[in-house]
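The values are calculated or read from the model by the stated rules, or taken from the named source; none is laboratory data. If you're wondering where the values come from, they're calculated on a predicted model, not measured in any experiment. Here the Cβ is made from the backbone with ideal geometry for all residues, glycine too, and neighbour counts use every protein chain on show. In case anyone asks, the SASA skips ligands and DNA or RNA and just uses the protein heavy atoms, side chains included. Shrake-Rupley method; radii C 1.70, N 1.55, O 1.52, S 1.80 Å.
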Amino acid sequence: MTELAKRMKTAEPSIVRELYKVWTLPGMHSLGAGNPSLKTFPVKEMEEISKQIYEECSRDHSMVDAIFSYGVTEGDDPLRKELKKRYMEYYKNGNPKTDDLQIFTGAQQVIDLTAKCFLNSGDVVLTEEHSYSGAISAFWGYEGKVVGVKTDEEGMLPDALEEMLQKEEQVKLIYLIPTFQNPMGIVTTLDRRQAIYDLAVKYDVMILEDSPYFELRYSGEYVPSIKSLDKTGHVIFAGSLSKVLTPGVRLGFAIANKNVLAKLTVGKQCQDMNNPGYNQRIAARYIENYDLSAHIQDCCTLYRSKRDTMMNALEKELTGKATWTHPEGGFFVWLTLPSHISGDEFTRYLIDKKKLITVCGSAYRPDGSDVNAIRLNFSVPSEEEIEFCVHLIREALEEWGDKA
């Protein structure tokens, strides 16, 4: 076989994606998912919208062209209009004079194209100490050097960030998930968001603010985005419809300076040219005809109950045996094990001995090193499954102690 490019020789499949193969085996239980609950998908409404669109196609050639032909790279106008109204006007993300919103094939494409546009080989990306594995892989794919910055339950530490900005050469990008972070479930405080933004301006480094979960809040108070603080064009806001509508529509968006978006658009033209017209029109009609905010509140009601069930189960089963984060929203809990337990080994033990899937903490570390932690998901399993799975973790920890 012809020799692979250097950047692909060491590329490995996503640990998280590989777990989906194990998930389907008989008798397996899982707290390892990262997706929304099937119960939240508005299937009936989308069926009604689809019928309307096909009826229009039978009498309107322009509708046929809009959903079945190639489209403009920037995105379908009806969907852009609805998303600008919601995410730029209502949430104050971006300056209408200097910024714009464009549609992409999921927020993952925004991450990939940001890396493509800003990273040269050897350039540095600073991330939270534990970060989204899909972003880390994207940065590696463009031969970036990914470095984790010390993070606690209030987010990335600004002092640690400035230390890295001074220490590392060729820092081009700060990537973070400030609201209901994946994998830790934490929220970066407003003071830290401001401090992180100020440092980005001081050192002239772009921020990629990945925020797919921010509307899924179950308790606590809303915290404005970093993009809402941006006066200099240093922030790219990556949003997604995957968590609040369905991941299957594969629609995300970026809000950024118009000049930055122009380059992301050129990069997209080399990948897939345009987003699926049918998916975009379905999403636009849903937002036009139905109450997206009410739908999101229904999602929050479901997830809040699941979150509370997991918190209660952890309190009952693991008090004194482990510690965990207390997320105000999103999908994830970060479980810290006793210091002598390897997260990698414990994850394998849970799969082999308990038929339980979780995700090892090393999957989220930029250096891939082992850590005494695992990520738990509560969005997918039922409340009964959550309680049972947490009990399995307790059993495994007690058995681990006997083994030691």
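Which Cα, out of Ser342, Ile357, Ser137, lies furthest along the positive dipole direction of the chain (beta carbon charges, K/R +1, D/E -1)? Result: Ser137.
Rolling a 1.4 Å probe across all protein chains gives Arg394 an accessible area of roughly 80 Å². Relative to the Cα centre, the charge distribution of the chain, modelled as +1 at Lys and Arg Cβ and -1 at Asp and Glu Cβ, gives a dipole magnitude of about 620 debye. Solvent-accessible surface (1.4 Å probe) assigned to Met273 amounts to roughly 90 Å². Glu288 versus Val201, label points 7 Å from Cα toward the beta carbon: distance in nm? The modelled label-to-label distance comes out at 3.9 nm. The distance between label points at Glu383 and Glu45 comes to 2.4 nm (points 7 Å beyond Cα on the Cα→Cβ vector).
Ranked from the most accessible area to the least, with a 1.4 Å probe and all protein chains present, what is the order of Arg59, Arg304? Intermediate results must be reported in sequence, preceding the final value.
Details: Arg59 180, Arg304 70 Å².
If we order Arg59, Arg304 from most to least accessible, we get Arg59, Arg304.
Counting only heavy atoms of the protein chains, get the accessible area per residue of the chain (1.4 Å probe) and round it to a whole Å² value.
On the way: 18020 Å² over 404 residues.
I get 45 Å² per residue for this part.
Of the peptides 367-374, 344-351, 30-37, the order by per-residue mean of other Cβ atoms within 10 Å, starting with the highest, comes out as 30-37, 344-351, 367-374. Projected onto its three principal axes, the C-alpha set of the range 276-404 covers 59, 33, 24 Å, listed from the longest axis down. Whole-Hz Karplus values for the range 35-42 come out as 10, x, 6, 4, 5, 8, 6, x Hz, taken residue by residue from phi with 6.51 cos²θ - 1.76 cosθ + 1.60 and θ = phi - 60°; glycine and proline positions read x.
Kindly provide the helix-only [θ] at 222 nm of the chain, computed as the sum of -39,500 (n - 2.57) over DSSP H runs of four or more divided by all residues, to the nearest 500 deg cm²/dmol? Per the formula, -13500 deg cm²/dmol.
Report the normalised scattering of the range 38-187 as log10 I(q)/I(0) at q = 0.17, 0.21 Å⁻¹, calculated by the Debye formula with identical scatterers on the alpha carbons. Normalising to I(0) and taking log10 leaves -1.13, -1.33.
Taking Cα atoms, how many degrees apart are the long axis of helix 277-289 and the longest axis of the chain, rounded to 10 and kept between 0 and 90? On a 0 to 90 degree scale, this one is about 90. With all pairs of different C-alpha atoms in the average, the Kirkwood value for the hydrodynamic radius of the range 116-189 is 12.4 Å. Qualifying chymotrypsin sites (Phe, Trp or Tyr not before Pro) in the range 279-317, where qualification requires a DSSP coil assignment and no more than 12 other C-beta atoms within 10 Å, are lacking entirely. Solvent-accessible surface (1.4 Å probe) assigned to Thr73 amounts to roughly 20 Å².
How high is the relative contact order of the chain? Use alpha-carbon pairs under 8 Å, at least six apart in sequence, and give a whole percent. That works out to 23 percent. To the nearest ten degrees, helix 292-318 and the longest principal axis of the Cα atoms of the chain are 10 degrees apart. Here the 3J(HN,Hα) profile of the range 132-145, calculated from phi with Karplus coefficients 6.51, -1.76 and 1.60 at θ = phi - 60°, is 4, 5, x, 6, 4, 5, 5, 5, 4, x, 9, 6, x, 9 Hz, Gly and Pro shown as x.
Solvent-accessible surface of protein heavy atoms, probed at 1.4 angstrom with all chains present, puts Phe214, Phe41 in the order Phe41, Phe214, largest first.
Between 0 and 90 degrees, the angle of helix 383-403 with respect to the longest Cα principal axis of the chain falls at about 40 degrees.
Please report the net charge: other residues with Cβ closer than 12 Å to the Cβ of Trp324, K and R +1, D and E -1. It would help to have the intermediate numbers written out before the result.
Working: positive: Arg307, Lys321, Arg375; negative: Glu153, Glu315, Glu317.
Counting the neighbours of Trp324, the net charge comes to 0.
Sequence-distant contacts, meaning Cα pairs under 8 Å at least 6 residues apart, place the relative contact order of the range 17-128 at 14 percent.
For a distance above 14 Å, tell me the whole-number percent of Cα pairs in the range 333-404 that qualify. Everything past 14 Å amounts to 59 percent.
Ligands, DNA and RNA left out, the 1.4 Å accessible surface of the range 16-132 is 53% carbon and sulfur atoms. Extension gain, Glu221 to Lys150: 0.36 nm times the residue separation minus the Cα-Cα distance gives 23.1 nm. For the range 253-317, what % of the accessible area comes from carbon and sulfur atoms, probe 1.4 Å? Percent of accessible area from carbon and sulfur atoms in the range 253-317: 48.
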